[in-house]
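Everything below concerns the one structure shown next.
Derivation of every value follows stated rules applied to the coordinates shown; laboratory data play no part. Since the model is a prediction, treat every value here as computed from it, not as a measurement. For neighbour counting, all protein chains shown are included, and Cβ atoms are generated from backbone atoms with ideal geometry for every residue, glycine included.
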Amino acid sequence: MVTGVRLVHSRRLVCVLTPGCVRRTVILLAVALAALVTAGCAKTIWTKPGLTEQEYNVDAYACERDVRQSGYYGGGIAGALNMRDFHDRCMRSKGYRKATEEEMNSQGFRVYPK
């Protein structure tokens, strides 16, 4: 097992199998994972001025129907992200914007879906 070897790759110094390099990599991955988990905690909702629950349900259903009828978006995570992006663009085209639930509650808006 080789330790302490450094390779030059694309003008960057890359360390291989050194304890310091492994430690930095583990810390970087832990920070990235924590950022992803934290970002997923804030629930986002769709809102627009004068929104009623019935109007939201009609528009959300129409966008979901359009997403499903528009075709194949690919497989796996990439396909799911493409499908969500299409749905988000549909909702924005109907005048909606995304906001956090906390933001909406603090401003006294009704939040849909409940």
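Between the amide H of residue 18 and those of 4, distances stay under 5 Å, these residues lying 5 or more places away or on another chain, with hydrogens modeled in the peptide plane.
Could you tell me which of rounded, prolate or oblate describes segment 48-100, using a ≥ b ≥ c as the square roots of the eigenvalues of the alpha-carbon gyration tensor, with rounded for a/c under 1.5 and, failing that, prolate when a/b is larger than b/c and oblate otherwise? In terms of gyration-tensor shape, prolate. Summing charges over all other residues whose Cβ lies under 10 Å from the Cβ of residue 73, with Lys and Arg as +1 and Asp and Glu as -1, gives 0.
Ordering of 69-80, 43-54 by packing is 43-54, 69-80, highest average first (other Cβ atoms within 10 Å, averaged per residue). Extension gain, residue 70 to residue 93, is 6.7 nm, computed as 0.36 nm per intervening residue step minus the present C-alpha separation.
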